[in-house]
There are 2 protein chains.
Amino acid sequence: MNNKKPRRPLTLRDVSEASGVSEMTVSRVLRNRGDVSAATREKVLTAARTLGYVPNKIAGGLASKRVNLVAVIIPSLSNMVFPDVLGGISAELDDTGLQPVVGVTNYSPSREDTVLYDMLSWRPSGVILAGLEHSKVARAMLDNAGLPVVEIMDVDGTPIDTAVGISHRRAGAEIATEILNAGYRRIGFIGTHMPEDHRARKRLAGFEERLGESGVQLVAREYYQGGSSLQKGRELTERIMTREPDLDFLYYSNDMIGAGGLLWCLEQGYDIPGKLGLAGFNGVELLDGLPMRLTTTDARRIDIGRRAARIVASKEPRPENGMVALAPTFLPGDTIRKA
Amino acid sequence: MNNKKPRRPLTLRDVSEASGVSEMTVSRVLRNRGDVSAATREKVLTAARTLGYVPNKIAGGLASKRVNLVAVIIPSLSNMVFPDVLGGISAELDDTGLQPVVGVTNYSPSREDTVLYDMLSWRPSGVILAGLEHSKVARAMLDNAGLPVVEIMDVDGTPIDTAVGISHRRAGAEIATEILNAGYRRIGFIGTHMPEDHRARKRLAGFEERLGESGVQLVAREYYQGGSSLQKGRELTERIMTREPDLDFLYYSNDMIGAGGLLWCLEQGYDIPGKLGLAGFNGVELLDGLPMRLTTTDARRIDIGRRAARIVASKEPRPENGMVALAPTFLPGDTIRKA
DNA sequence: CGAAATCATGTTACCGTTATCGTGTCTCGC
DNA sequence: GCGAGACACGATAACGGTAACATGATTTCG
């Protein structure tokens with residue numbers, strides 16, 4: 001490689017001069033667009049390579065009014081669920097020339113607004129964002145932007161443009177059905193108390209509604225704040241079981257605290273799933289390898305990512321009603337009695 | 001909000017016309033730069049708001065030759081270690097106006113090249129990338145780019161510009177010392193066999209070197225490919241203990257498989273840490289809440305992210321020798337005998 | 001064999017912002 | 001009461017590409 005320090009950043013002009021053709025032709029070569037003879041193509045490519053030229057997408061984007069970015073806005077990265085979604089998105093975007101750019105909101109609506117604003121200022125060609133609940137400001141920005149918007153994870157509500165996800169009400173209801181069918185009746189719930197975690201809220205609503213239909217009520221609840229961890233799961237489980245020792249089932253709002261609870265219960269010698277059943281939510285891979293497989297619901301994270309990406313990339317059409325509802329799938333595991 | 005669908009995207013001109021001042025003044029208001037009277041500022045801001053104007057950073061970046069992005073290039077998101085690094089970076093960048101943009105290489109050098117190329121084409125104002133090993137092409141691109149480059153995680157090698165990390169050789173050596181001091185002698189190793197995971201390799205090298213200095217050799221090794229999981233840790237542990245039943249210590253290349261191994265060993269009734277000791281690497285939060293706390297080494301992930309971000313943001317000066325070596329810290333946990 | 005189509009390349013006019021410099025209006029101190 | 005700054009704003013020229021059209025050279029084919 002050359003060692004002359006290029007204090008003046010390289011432009012198309014440099015490559016054009018080095019290869020004796022016009023800037024336009026260089027541009028064509030570098031983008032594989034239009035007719036260029038094999039000979040000049042070669043000349044240009046070697047010139048570009050030896051100079052170490054890297055195209056300037058800022059200028060290119062301005063001129064062409066097209067930007068190959070897709071904004072992806074999610075609440076958190078440490079959640080273990082969003083990396084999976086991202087994986088699905090990347091996989092599906094890989095052969096489209098589109099590139100995901102991730103923004104994290106930490107479950108804060110106002111931060112969502114600013115992240116969205118920042119993202120839109122790059123004029124991406126699509127937006128994927130978690131959830132159906134957004135501020136007025138955010139909705140206005142998205143309406144104005146005039147680009148494909150896919151809201152993911154949730155389908156219980158009205159999408160701005162398109163939604164891809166599962167019904168969390170249904171997920172809650174279905175697991176409630178399973179629990180009831182297995183004969184459990186004294187049920188407790190452990191979950192986050194984040195007003196902004198709408199999906200957890202909807203799950204619980206669907207869960208309680210279904211219980212109610214069978215005349216069953218939640219016997220106890222335990223809420224916590226902040227991130228989920230095994231430790232948190234242990235503490236809350238101990239607390240709820242101390243308070244209500246005759247519970248026969250614990251429904252957790254996610255697998256991580258569920259797993260913590262499971263470990264604690266096993267150490268305490270509870271008869272699982274005989275006397276006490278447990279269930280989480282998400283279906284994270286972490287569960288494989290625990291002493292018992294926690295009962296849970298697969299939230300279809302990767303599929304959600306894929307379908308959302310396919311829609312922004314126009315690999316598949318936006319459905320008529322703007323809804324792609326995937327089916328949450330029940331994973332029985334070992335912590336619920338077999339029906 | 002207004003409901004006239006703006007098919008033509010909004011520009012500064014629209015805001016300028018709506019507020020009766022020049023585009024230049026609007027620009028000044030929106031960036032808080034230069035002198036603008038309070039009255040016009042107000043006029044402009046309300047006009048911008050009611051129109052729903054979002055500035056175009058593509059055009060802005062081109063004109064100003066300044067872009068508030070920092071490219072962050074890491075091998076993986078599902079690794080549980082990089083989200084922490086990212087957290088540190090974001091936290092430190094938050095008040096600088098800089099914004100991280102993440103690219104993932106999946107431990108593939110050629111993918112690293114393309115990701116880097118794509119990132120540089122956005123002319124970011126800095127690059128943070130994992131590791132000290134990069135292709136010739138990548139080094140050339142970074143040399144040419146003329147911007148701050150911080151390589152993170154590792155300091156065993158020669159940085160292009162600046163490196164922030166821990167010495168993995170040292171981390172390996174230190175844990176070896178602890179293990180030897182605790183009296184273990186028949187030691188096995190379980191880790192990935194990814195030629196591209198240079199840091200794991202260096203850790204093992206430092207580990208074995210230290211053992212060698214005490215006349216001890218690894219009794220057995222077990223390698224695996226692909227991602228780490230509890231399940232993988234279980235399988236490999238079973239395999240190695242079947243093959244070499246009289247091992248008295250297992251050193252894992254990361255906490256996740258270490259935790260899997262720990263769970264398996266506990267189920268098998270091994271006397272831990274009496275007859276068998278275990279250690280992982282990373283110090284991930286996941287460990288809290290397991291039946292025993294796994295012995296491990298904190299890789300200082302968040303600190304690494306913070307320091308790297310501080311340097312690209314010029315919050316702190318690049319050190320003379322271009323090296324910021326943090327100290328890996330030994331976390332004794334419960335799976336090693338107390339000295 | 002000549003007109004039309006094709007190919008390979010160049011010219012020109014933007015894309016939407018910001019840097020820079022210029023201009024008119026106040027304010028102020030002596 | 002007047003020159004010198006400060007202040008508030010506008011006009012103009014980039015920034016580095018690409019779209020669209022233009023041009024000369026070749027090829028195609030009735």
**OP:** Go ahead and set up a Gaussian network model of chain A, Cα springs under 10 Å, then flag whichever of A:Ile302, A:Ile257, A:Ile58 fluctuates most.
**Re:** A:Ile58
Subject >> 10 Å Cβ neighbours from other chains, averaged over peptide A:53-66 >> reply: 5
**OP:** Keeping all protein chains in place, calculate the accessible area per residue for the range B:12-64 (probe 1.4 angstrom), answer in Å².
**Re:** 55 Å²
**OP:** Could you tell me the accessible area of B:Tyr53 in Å² (1.4 Å probe, neighbours in place), rounded to the nearest ten?
**Re:** 20 Å²
**OP:** Working with all protein chains in place, sort A:Ser121, A:Ser135 by solvent-accessible area computed with a 1.4 Å probe, largest first.
**Re:** A:Ser135, A:Ser121
Subject >> Accessible area per residue, Å², the range B:195-339 with all protein chains present, probe 1.4 Å >> reply: 42 Å²
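Which pairs break 23 Å Cα to Cα here: B:Lys136/B:Lys202; A:Lys43/A:Lys65; B:Lys136/B:Lys315; B:Lys275/B:Lys338?
Beyond 23 Å: A:Lys43/A:Lys65; B:Lys136/B:Lys315.
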**OP:** Would you mind classifying the range B:12-64 by shape? Square roots of the alpha carbon gyration tensor eigenvalues, ordered a ≥ b ≥ c; an a/c under 1.5 is rounded, otherwise it is prolate if a/b is larger than b/c and oblate if not.
**Re:** oblate
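Counting partner chain Cβ atoms within 10 Å of every residue's Cβ in B:138-151, what's the average? Intermediate results must be reported in sequence, preceding the final value.
Values: counts 0, 1, 6, 4, 0, 6, 11, 5, 5, 0, 0, 0, 0, 0.
Partner Cβ neighbours, averaged per residue: 3.
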Subject >> Sequence-distant residues sharing a close amide H with B:Thr329 (under 5 Å, placed H) >> reply: B:Asp298, B:Arg300
Subject >> Relative contact order (%) - criterion: Cα under 8 Å, at least six apart; region: chain B >> reply: 17 percent
**OP:** Provide the packing ranking of B:197-208, B:29-40, i.e. peptides ordered by the mean count of other C-beta atoms within 10 Å per residue, highest first.
**Re:** B:197-208, B:29-40
Original post:
Taking the convex hull of the alpha carbon atoms in the range A:59-148, what volume per residue do you get, in Å³?
Top reply: 96 Å³
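I'm a student and want to see the number: the projected area of the Cα convex hull of the range B:247-339, averaged over all directions, in nm².
On the way: hull surface 30.2 nm².
Projected over every direction and averaged, the Cα hull of the range B:247-339 covers 7.5 nm².
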Subject >> Long-range HN-HN contacts of A:Gly126 with modeled amide H, under 5 Å >> reply: A:Ala71
Subject >> Nearest-10 value in Å² for the accessible area of B:Phe189, using the 1.4 Å probe >> reply: 10 Å²
Subject >> Cα centroid separation - the range A:133-181 against the range A:2-66, whole Å >> reply: 44 Å
Original post:
With +1 on each Lys and Arg Cβ and -1 on each Asp and Glu Cβ, how big is the dipole of the range A:12-63 about its Cα centre, in debye rounded to the nearest 20?
Top reply: 180 debye
Subject >> In the range B:264-339, GluC sites (Glu not before Pro) in a DSSP loop with at most 14 other beta-carbon atoms within 10 Å >> reply: B:Glu320
Subject >> Convex hull volume per residue for the protein assembly as shown, taking Cα atoms only, in Å³ >> reply: 190 Å³
Original post:
Taking square-rooted eigenvalues a ≥ b ≥ c of the alpha carbon gyration tensor, is the range A:170-297 rounded, prolate or oblate, where a/c under 1.5 means rounded and, failing that, a/b exceeding b/c means prolate?
Top reply: rounded
**OP:** Enter the buried accessible area of the B/A pair, total of both sides, probe 1.4 Å, in Å² rounded to the nearest 100.
**Re:** 4400 Å²
Original post:
So for chain B, taking the charge dipole from beta-carbon charges (+1 Lys/Arg, -1 Asp/Glu), which of B:Met153, B:Thr295, B:Gln268 sits furthest toward the positive end?
Top reply: B:Met153
Original post:
At a 1.4 Å probe radius, carbon and sulfur cover how many percent of the accessible area of the range A:12-63?
Top reply: 54 percent
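How big is the equivalent ellipsoid of chain A along its three axes, where each semi-axis is √(5λ) from the Cα gyration tensor, reported in whole Å from largest to smallest?
51, 21, 17
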**OP:** Quick one: grab the alpha carbon gyration tensor of the range B:292-339, order the square roots of its eigenvalues as a ≥ b ≥ c, and give me rounded if a/c is under 1.5, else prolate or oblate depending on whether a/b is larger than b/c.
**Re:** prolate
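The values are calculated or read from the model by the stated rules, or taken from the named source; none is laboratory data. Computed from a prediction, not measured in an experiment: that's the story for all the values here. Note that we place each Cβ from the backbone using ideal geometry, even for glycine, and neighbour counts take in every protein chain shown. Heavy atoms of the whole protein, side chains included, go into the accessibility calculation; ligands, DNA and RNA do not. Shrake-Rupley method; radii C 1.70, N 1.55, O 1.52, S 1.80 Å.
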